[in-house]
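A short worksheet on the structure shown next.
The values are calculated or read from the model by the stated rules, or taken from the named source; none is laboratory data. Since the structure is predicted, the reported quantities are computational estimates derived from the model, not experimental observations. Every residue, glycine among them, receives a Cβ derived from its backbone with ideal geometry; neighbour counts consider all protein chains shown. Remember, those area values only see protein heavy atoms, side chains included, never the ligands or the DNA or RNA. Shrake-Rupley method; radii C 1.70, N 1.55, O 1.52, S 1.80 Å.
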Amino acid sequence: MRRFEARNPANLLLTVGDNDYTKSPGAFRDNWNRSFGWLREAEIGVAGALGNHDVEVEAGRYQFELLQMPGPRYRRKVGNVELFVLNSNAVDDAQTRWLAGALKTSRARWKIAVFHHPAFTCGAYRAHPGVVARWVPLLERHRVRLVLSGHDHNYQRFAARRGVTYVVHGGGGAHLYPLESCPSFYPRRVVGRALHGWLYLRATERALVVKAIGPAGRSRDAFSIYP
């Protein structure tokens, strides 16, 4: 990733949860600095989301400083993009009200929602019922264009549903999960692969360009979203 970023400059590293499997704040700190300590020198910010493994210790609070998280949910502006980072371990009334208010007041060109448990996925897991019932209607109503999640250890991209494109990428490094067929009521899955890697996003006024990058730095999928 560091070599890729040297050729493709980035402003922010965004995580989609399950940042730590060790259940040890000290081990997490050492592992993060070993893998991503170079971000400070490169002046690249970080925005983290919490996964189900992250909240097993201290409700994930030990990660907040390194991942530059003001809390388990927050909004972050990067140029013409606004990120709405949610804690899908607690899809409750309070967080849903917060999301509704944050989306309503946003004037960003591009709105991107980020949370760990996918609205739609067809691998080791299926749709998170709370996310589908509570958050998906808000994302569609307020013109969120991209939703990023993890949890399933594979890569899946779904056709836009009412203007919202859902992407699952859980291939950050842990063992991969096989893909399965999707239920008929899901949006159509355009791409599904069991692969490691990361996403590279570039936002202009005219398009949001997204690439799925493999460990060797080569693109494995690419698509664009338009206003």
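Structure summary
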| read-out | value |
| --- | --- |
| Positive dipole terminus of the chain, leading residue within GLY48, ILE225, VAL16 (C-beta point charges) | ILE225 |
| Per residue solvent-accessible surface (Å²) - segment 55-151, probe of 1.4 Å | 42 |
| Accessible area per residue in Å² at 1.4 Å probe, computed on segment 172-218 | 62 |
| Calculated SAXS-style log₁₀ I(q)/I(0) at q = 0.17, 0.31, 0.34 Å⁻¹ - segment 186-225, Debye, Cα scatterers | -0.51, -1.04, -1.11 |
| Inter-probe distance in nm under a simple model that places probes 7 Å from Cα toward Cβ, at ALA216 and GLU180 | 3.2 |
| Where GluC sites (Glu not before Pro) in DSSP loops with at most 15 other Cβ within 10 Å are excluded, longest remaining stretch of the chain | 66-179 |
| Carbon + sulfur, % of accessible area of the chain - ligands and nucleic acids excluded, 1.4 Å | 48 |
